[in-house]
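Here's the structure we're looking at; comments come further down.
The values are calculated or read from the model by the stated rules, or taken from the named source; none is laboratory data. Not measured: the values here are computed from a predicted model. Methodologically, a virtual Cβ is constructed for each residue, glycine included, from the backbone with ideal geometry; neighbour enumeration extends over all protein chains shown. For the accessible areas, the whole protein counts, side chains as well, though only heavy atoms, and no ligand, DNA or RNA atoms are used. Shrake-Rupley method; radii C 1.70, N 1.55, O 1.52, S 1.80 Å.
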Amino acid sequence: MTYLRTWTKDTPADRPVLLCLPQAGAGALQFQNWQLRLGTRATVCAVQLPGREDRWGDPAPSGIAEVVGTVIAELADAALLDGPLVVFGDSFGGLLAYELARALGPAALVVCVCRAPVHWARQNGLDDDDVEQLASASVEGSSLPPELAAEMREIAAEVLRRDAVLSTTFRLPPDTEPLRCPVYAWGAVHDEKVTPAQLDDWHEVTTGPLHRHDFAGGHRISRDDPLALLGRLSEVLSALAEEEPS
């Protein structure tokens, strides 16, 4: 089954494509509402990794390089590389977004609550503590009966373990060519997983400007306050439109 998910048939070449990479353990369906909210300002396209939602039974990729290669091929086949491209990644999705940005040279890279690549390389991906914390957070505040909540937590943990294995395939060669586009690195003031210093280090990956912003909230900001996130993304898309030649 394919990686890409879109929710509009109208994709004019001059409309920016917003390529979205979800957080660890999550799927692409959450971005369907983004297309409704953004309307004609962007064509929202999301990456659906194997092992979740409609790809539950699909085998895991061999590594990040396989994901990047397949996604690029699908983007090209769908004629989604003919116009401006903004790549967005949430948490672990930010690492995948960076790898896609390195290969594609987008107009902008946007990462949310995602530490800079150098820190992923030092930590060697998601660890067991990350998996357990994120799995527990997935059912936190749920009104589900305890037995069902425990079952849902284990399902979330299984998907997270697959993403943890995928994250360990990230490599940062010392001669990596820097990006040339602006990078937007967004954090959350109550995030206990990603520090401001880890976000500031995104400046190392580009010769373009780094734009930092911190939302009110915690690590789950994209799910707890998606409208705030979409407001910022709308500003990025507007700035891109102003830069495009008339």
Out of D191, D201, D225, I need the residue that is under 24 Å from W34 (Cβ atoms) and in contact (Cβ under 8 Å) with a residue 40 or more places away in the chain. Which one?
D191
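Conditions (1) under 14 Å from the mean Cα position of the chain (by Cα); (2) closer than 17 Å to V87 by Cβ; (3) of a type in the set (D, E), marked per residue:
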position	(1), (2), (3)
Y3	yes, yes, no
A13	no, no, no
Q23	yes, yes, no
L36	no, no, no
G39	no, no, no
V47	yes, yes, no
D54	no, no, yes
I64	yes, yes, no
A73	no, yes, no
How do the helices (runs of 4 or more DSSP H) wholly within the stretch 100-203 filter down when requiring 3 or more residues that are open to solvent by 10 Å² or more (accessible area, probe 1.4 Å), more than 26 Å from D214 (Cα to Cα) and not hydroxyl-bearing (S, T, Y): which remain?
146-167
Take the residues in the stretch 235-246 that are open to solvent by 20 Å² or more (accessible area, probe 1.4 Å) and within 18 Å of Q35 (Cα to Cα); name whichever of them is farthest from the chain's Cα centre (by Cα).
A241
I'd like the full set of residues that are within 21 Å of L95 (Cα to Cα), in a helix (DSSP H, G or I) and touching a Pro at 6+ places or on another chain (Cβ under 8 Å), limited to the stretch 19-33.
Q30, F31
Evaluate the stretch 120-134: report whether one residue or more is under 19 Å from the mean Cα position of the chain (by Cα) and at pLDDT 85 or above.
yes
Filter the stretch 68-80 for residues that are without any contact (Cβ under 8 Å) to a residue 40 or more places away in the chain and closer than 18 Å to W7 by Cα; the one that is most open to solvent (accessible area, probe 1.4 Å) is D77
Qualifying residue in the stretch 156-168 (condition: among the hydroxyl-bearing types (S, T, Y) and either touching a Lys or Arg at 6+ places or on another chain (Cβ under 6 Å) or at pLDDT 95 or above (or both)):
no
Looking only at the stretch 169-195, which residues are touching a Lys or Arg at 6+ places or on another chain (Cβ under 8 Å) and modelled with pLDDT of 95 or more?
L179, Y184, A185, W186, G187, V194, T195
What about A97, is it open to solvent by less than 40 Å² (accessible area, probe 1.4 Å), under 16 Å from L18 (Cβ atoms) and assigned to a helix (DSSP H, G or I)?
yes
Some residue of the stretch 48-67 being of a type in the set (G, A, S), crowded, with 21+ Cβ neighbours inside 10 Å and not in a loop (DSSP other than H, G, I, E, B):
no
Can you confirm whether the stretch 2-17 contains a residue that is without any contact (Cβ under 8 Å) to a residue 60 or more places away in the chain, of a type in the set (G, A, S) and either open to solvent by 10 Å² or more (accessible area, probe 1.4 Å) or in a loop (DSSP other than H, G, I, E, B) (or both)?
no
Can you tell me which residues in the stretch 204-224 are buried (at least 16 other Cβ atoms within 10 Å of the Cβ) and either of a type in the set (F, W, Y) or out of contact with any Lys or Arg (no Cβ under 9 Å at 6 or more places or on another chain) (or both)?
L210, H211, D214, F215, G217, R220, I221, S222
Can you find, within the stretch 81-94, the residue that is most open to solvent (accessible area, probe 1.4 Å) among those that are touching a helix residue (DSSP H, G or I) at 6+ places or on another chain (Cβ under 7 Å) and closer than 29 Å to A241 by Cβ?
L81
Out of curiosity, is L75 assigned to a strand (DSSP E or B), modelled with pLDDT of 95 or more and either among the acidic types (D, E) or closer than 17 Å to A103 by Cα (or both)?
no
